[in-house]
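Okay, structure first, notes after.
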Amino acid sequence: MKKKLLILISAIMMITLFAVGCDKKDGGSTKGSDAVTSKDGYQYISAEEAVKIAEKGEDHILDVREWDNYVEGRLINSEWKAIFPLEDTKLEEEMATYAKEKLSDGKKIYIVCNSGKKGAEKTTDILKKNGIDSSLIFTVEGGAKALGEEKALSTDRVEENIEWKYVSAEDALNNKDAQIIDVRDDENYKKGHLKDSIHSDLTDVEDAKLQTNMYKLGVEKLDKEKPVYILCYSGNKCAKTGISVLRDAGFDTNNVLIIEDGAKDKTIQEAFVEE
């Protein structure tokens, strides 16, 4: 009788251990393999899962919507390269170049489009044709629409996973090749600014229109090959927002620096001229 009881207890313990083991989450993923679904040759993750991945800032969050949609609300740590409008073949060529230059680093790529269908599928196909392993490419199911329902889209860019770089006031003033962008408000800029600086108000750092103005400035007036120095009030939020926007405009963030301490710096103040 005792032997049968021991066998029964052992069997119960083994069943319990097996059940617990099966219920464990994969340490390398928030939800384990259940987080990814496949359909028609494309891999999908949920909007909820995409938010967690974006917050970590370790992989590519590739937003392929048109700028006007993207700038109104994006996932944190997103990078932007439009594939819309889909009939624009020039955008296909630009996406192919972007894939080779920016996405061929072995990191996973999570695509955000309007609804998680046509734009993401087209982007996936372009990435695969240009050497990106299909196992690394995922579509955020439901796209921006689903992310909006998760209340995950924002115009706040201050906490981006960017290695912010700074330049001292002295070095900024002595570099004749530098393009200086003043992102303070109109009134403060008129009272005093650095000679030959370009003004683009980013005081309200979450204002999509002001971010668009900065983007257009980058595309239309700045030289990507020359350093860009950003001057704000103290060298923090406005300047960081400007760098994030210029990254979307194709600038290397290693070449876009914040003037340390901003307009509070005495050396900067002494160099100010009035309009």
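Is it the case that segment 40-63 has a residue that's of a type in the set (V, I, T), touching a Gly at 6+ places or on another chain (Cβ under 6 Å) and within 20 Å of K145 (Cβ to Cβ)?
no
Restricting to segment 179-200, name every residue that is of a type in the set (D, E) and touching a strand residue (DSSP E or B) at 6+ places or on another chain (Cβ under 9 Å).
Those that are of a type in the set (D, E) and touching a strand residue (DSSP E or B) at 6+ places or on another chain (Cβ under 9 Å): D182, D186, D196.
Output yes when any residue across segment 155-162 is loosely packed, with under 13 Cβ neighbours inside 10 Å and within 18 Å of the chain's Cα centre (by Cα), and no when none is.
yes
Output the residues belonging to segment 237-266 that are in a loop (DSSP other than H, G, I, E, B) and in contact (Cβ under 8 Å) with a residue 40 or more places away in the chain.
If the condition is that a residue be in a loop (DSSP other than H, G, I, E, B) and in contact (Cβ under 8 Å) with a residue 40 or more places away in the chain, then E260, D261, D265 are the ones that fit.
Name the pairs whose Cβ atoms lie under 6 Å apart, with the first residue in segment 144-170 and modelled with pLDDT of 95 or more, the second of a type in the set (F, W, Y) and buried (at least 18 other Cβ atoms within 10 Å of the Cβ), and 6 or more positions between them or separate chains?
V167/Y229
Give segment 73-114 a look and list any residue that's of a type in the set (F, W, Y) and either touching a strand residue (DSSP E or B) at 6+ places or on another chain (Cβ under 9 Å) or exposed (fewer than 13 other Cβ atoms within 10 Å of the Cβ) (or both), or say none.
Hits for segment 73-114 are W80, Y98, Y110.
Could you list, in sequence order, the residues of segment 178-196 that are more than 21 Å from D207 (Cα to Cα) and not acidic (D, E)?
A178, Q179, I180, K190, K191, G192, H193, L194, K195, listed by residue number.
State whether one or more residues within segment 194-207 are buried (at least 16 other Cβ atoms within 10 Å of the Cβ), acidic (D, E) and outside any helix (DSSP H, G or I).
yes
I'd like to know if segment 119-138 contains one or more residues that are hydroxyl-bearing (S, T, Y) and under 24 Å from V219 (Cα atoms).
Yes, because at least one residue in segment 119-138 is hydroxyl-bearing (S, T, Y) and under 24 Å from V219 (Cα atoms).
Test of understanding: among I111, I126, I132, which residue is assigned to a loop (DSSP other than H, G, I, E, B) and among the aliphatic types (A, V, I, L, M)?
Result of the check over I111, I126, I132: I132.
Keeping to segment 178-209, report how many residues are charged (D, E, K, R) and free of Cβ contacts under 8 Å to residues at least 24 places away in the same chain.
Going through segment 178-209 one residue at a time, the tally reaches 7.
Filter segment 156-179 down to the residues that are in a strand (DSSP E or B) and farther than 16 Å from S234 by Cβ and list them by number.
Within segment 156-179, just Q179 meets the criteria.
All but one of (1) crowded, with 22+ Cβ neighbours inside 10 Å; (2) out of contact with any His (no Cβ under 9 Å at 6 or more places or on another chain); (3) over 21 Å from T155 (Cβ atoms) hold for S244; which doesn't?
(3)
The values are calculated or read from the model by the stated rules, or taken from the named source; none is laboratory data. All of these numbers come straight from a predicted model, not from anything done at the bench. Note: ideal-geometry Cβ built from the backbone for every residue, glycine included; neighbour counts use all protein chains shown.
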